Amino acid sequence: MSAQRKAKQEFQQEYQKAIERIRTMADGAVGWVLRFLQTDLEALTPTEWTLVAFEVAAFVDETGDRYGGMVAPESGWSVEGVPNAENYQTIPSRKEAQDIQAAVLEQLERYWHEGYTAFTFPQMTLVVVSPGGFSDETGTIIVVAKRKAKEFEYRFLHLLAQSGDYIRRCPECAKIYLAIRRDQVYCQPRCQNRVAARKWREAQKTGERKESHRGKKNGKG
């Protein structure tokens, strides 16, 4: 086996493992992207970062059939997974992933506060392909994006449209989580219990202050 072929095979194996990690996560792709957005990428070891880089690259393909349809980026990620790599044989740099985190988190904040958000895709082209190439019955619309990172955002905005009402930030610990119920406020019972305990203690102190004030007032009388 040639070195080039071996490198492609190893890349594909790691890529497939990344897809499986996303699929088997709690809450699937939504759960993965929420974890990714809250990962301190600078703190990762080289080995840990490589796993995440493959997952970032795999996310756009793993969600392709369900969120947003086909995308054809004109360029891949900045890091070649194999020598003379094609677009699909690349992974993001740490800087590219950090830029994605910042862009998506900014849009999420606006979504939470305004109830909507707007992703901008400069230099994006929509291509209509006649039946036969990708579908026997209908034509297909393919999005042509200049940068691979914009494909990530494109996938995420469709995911947000599907699950946005359940993507929330816990008011106690600030964790971004996927709610189980529409009326869920806190990410886990621990946070809810902590808030309830704090409110109880504050109520106790308020009651004690009122009793003390009442006692002093009655003593003066």
Counted neighbours (other Cβ, 10 Å), sorted fewest up, put 55, 153, 137 in the order 137, 153, 55
Starting from the amide H of residue 146, placed 1.01 Å from N in the peptide plane, find each other amide H under 5 Å away whose residue is 5 or more places distant or on another chain.
74
Average projection area in nm² (convex hull over Cα atoms of the range 61-187, one quarter of hull surface)
10.1 nm²
Please check which bits of the range 143-167 a label hung off residue 195 would reach, taking the label as a point 7 Å along Cα-to-C-beta and the cut-off as backbone N under 20 Å.
164-167
Suppose a student asked you for the relative contact order of the chain, using Cα pairs under 8 Å spaced at least 6 residues apart; what percent would you report?
18 percent
So if each residue of separation counts as 0.36 nm, and I subtract the Cα-Cα distance between residue 2 and residue 44, what length gain in nm does that give?
11.9 nm
Taking the chain and counting helices only, DSSP H stretches of n ≥ 4 at -39,500 (n - 2.57) each over all residues, the nearest-500 ellipticity at 222 nm comes to -18000 deg cm²/dmol
Quick one: what do you get for the range 1-76 if you divide its Cα Rg by 2.2 N^0.38 Å?
1.21
Straight distance only, please: which aspartates and glutamates reach the Cα of residue 8 with their own Cα at less than 20 Å, same-chain residues fewer than 8 apart left out?
20, 55, 61, 62, 80, 86
Among 113, 158, rank each residue by its count of other Cβ atoms within 10 Å, from fewest to most, as a rough exposure measure.
113, 158
Cα-Cα over 21 Å: which of 17/95; 95/150; 95/148?
17/95
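Read the figures in this text as sums done on the coordinates, not as results from a lab. All of these numbers come straight from a predicted model, not from anything done at the bench. As a convention, Cβ positions derive from the backbone with ideal geometry for all residues, glycine included, and neighbour counts pool all protein chains shown.
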